[in-house]
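These notes concern the structure reproduced below.
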Amino acid sequence: MAARSLGKAFATVSLSVALASVTVGSSGCRSIPAHRNSFLSHWFHHNSNIMSDSNGAKENSHNKARTSPYPGSKVERSQVPNEKVGWLVEWQDYNPVEYTALSVLAGPRWADPQISESTFSPKFNEKDGHVERKSQNGLYEIENGRPRNPAGRTGLVGRGLLGRWGPNHAADPIITRWKRDSSGNKITQPVSGKHILQFVAIKRKDCGEWAIPGGMVDPGEKISATLKREFGEEALNSLQKSSAEKRELEEQLHKLFSQEHLVIYKGYVDDPRNTDNAWMETEAVNYHDETGEIMDNLALEAGDDAGKVKWVDISDKLKLYASHSQFIRLVAEKRDAHWSEDSEADCRGS
């Protein structure tokens, strides 16, 4: 697809897509319908922001995608000040570092070849065979044959640790239950007066940060299958189970993942692995075990990319990997659960 100028349109498209399915409800505050739930309120003003506006002038935007050194390396990104993140801001002297990890250049099945290879002709902004190269935030630009990060400059070109040029699609299952006392009653946070929600968190082996379980969507794989597979592998150590244990585990996972669920977020993620030419996108989905009975039959056990796994109380004290804290906050708001001891912050949702 020919390159085109989409910077101005992108901001509008991304805002409408990102929270299309989210409604905020909180005790003592009126319910805010999805079309009026401000993306800017959640991302630009309260949290580590992940998108720059069309002029790239939002303060503290696109943070983790500009951090150095690049994960798993000693590579330092070119510094990108906040006011020059957006592509519409002219910067003739911009000279980003080029870096693609050796593990990617080795050509594993999950990675694209180099753009320069004559046999590689990717169909950007399209479904390319079994590989989804469409962005969840709309069209992205192609410059000199390379896709351009729709959220702005990162100080690094190439793919870093990411396998795909352009969007790299992941899925994040957010499994929740109510925190209960020994009698089975829901526990209320004394200041906010709301019930405390818990979610399953893993400690990532690669960086040591706590995170939502999740992983990459395989070519041709449905998101629902990725969500169930990644939760089983990382939070239940399904890869190491016997055949009989796997069958029993599958029955319990089917009960959990066949319930009604909430799509919390779809789109770009402010991830430390992002580059100017490759970036993470995710679909974060909440599956809630209302009674806790399903998860009572599933023993948490860290596996695959997870070093540890445990139930974690949801609150604004959480410090999680990438944009995961924002996703968890949206779950708390959607479930009308405790988030902050600042009741005013709960009401205004920002």
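The values are calculated or read from the model by the stated rules, or taken from the named source; none is laboratory data. What you are looking at is a predicted structure, and each value in this text was computed from that prediction instead of being measured. We place every Cβ from the backbone using ideal geometry, glycine too, and count neighbours over all the protein chains shown. Note: accessible area is taken over every heavy atom of the protein model, side chains too, but ligands, DNA and RNA are not part of it. Shrake-Rupley method; radii C 1.70, N 1.55, O 1.52, S 1.80 Å.
Name the single residue that is surrounded by the fewest Cβ atoms within 10 Å (Cβ to Cβ) among those in segment 78-89 being in contact (Cβ under 8 Å) with a residue 40 or more places away in the chain and within 22 Å of the chain's Cα centre (by Cα). It would help to see each step written out before you state the result.
Within segment 78-89, the first condition is being in contact (Cβ under 8 Å) with a residue 40 or more places away in the chain, and the residues that meet it are 78-80, 84-88.
Next cut, within 22 Å of the chain's Cα centre (by Cα) only: 85-86.
On the way: Val85: 28, Gly86: 24.
Per the criteria, the residue is Gly86.
From the list Pro173, Pro213, Pro147, Pro167, exactly one residue is closer than 25 Å to Val331 by Cβ, touching a Gly at 6+ places or on another chain (Cβ under 7 Å) and crowded, with 24+ Cβ neighbours inside 10 Å. Which is it? It would help to see each step written out before you state the result.
Values: Pro213 fails: touching a Gly at 6+ places or on another chain (Cβ under 7 Å); Pro147 fails: closer than 25 Å to Val331 by Cβ; Pro167 fails: touching a Gly at 6+ places or on another chain (Cβ under 7 Å).
Sole residue among the options that is closer than 25 Å to Val331 by Cβ, touching a Gly at 6+ places or on another chain (Cβ under 7 Å) and crowded, with 24+ Cβ neighbours inside 10 Å: Pro173.
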Which of (1) in contact with a strand residue (DSSP E or B) (Cβ under 8 Å, 6 or more places away or on another chain); (2) open to solvent by 40 Å² or more (accessible area, probe 1.4 Å); (3) modelled with pLDDT under 95 is the odd one out, the single condition Val97 does not satisfy?
-> (3)
Hits in segment 225-244 (condition: free of Cβ contacts under 8 Å to residues at least 40 places away in the same chain, of a type outside the set (D, E, K, R) and not in a loop (DSSP other than H, G, I, E, B)) | Ala225, Gly232, Ser243, Ala244
Which of the following residues is under 21 Å from the mean Cα position of the chain (by Cα), open to solvent by less than 10 Å² (accessible area, probe 1.4 Å) and not small (Gly, Ala, Ser): Leu161, Leu156?
-> Leu156
Residue tally, condition touching a His at 6+ places or on another chain (Cβ under 9 Å), open to solvent by 20 Å² or more (accessible area, probe 1.4 Å) and closer than 14 Å to Ala201 by Cα, over segment 278-314 | 1
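Only one of these is of a type in the set (Val, Ile, Thr), in contact with a Ser or Thr (Cβ under 9 Å, 6 or more places away or on another chain) and under 14 Å from Leu161 (Cβ atoms): Thr100, Thr67. Name it.
Numbers: Thr67 fails: in contact with a Ser or Thr (Cβ under 9 Å, 6 or more places away or on another chain).
The unique qualifying residue is Thr100.
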Top-ranked residue of segment 108-144 - restricted to ones that are touching a residue at least 24 places away in the same chain (Cβ under 8 Å), more than 19 Å from Tyr268 (Cβ to Cβ) and hydrophobic (A, V, I, L, M, F, W, C), ranked as most open to solvent (accessible area, probe 1.4 Å) | Trp110
Among (1) over 20 Å from the mean Cα position of the chain (by Cα); (2) open to solvent by 20 Å² or more (accessible area, probe 1.4 Å); (3) under 30 Å from Asn63 (Cβ atoms), Ala337 falls short only on (2)
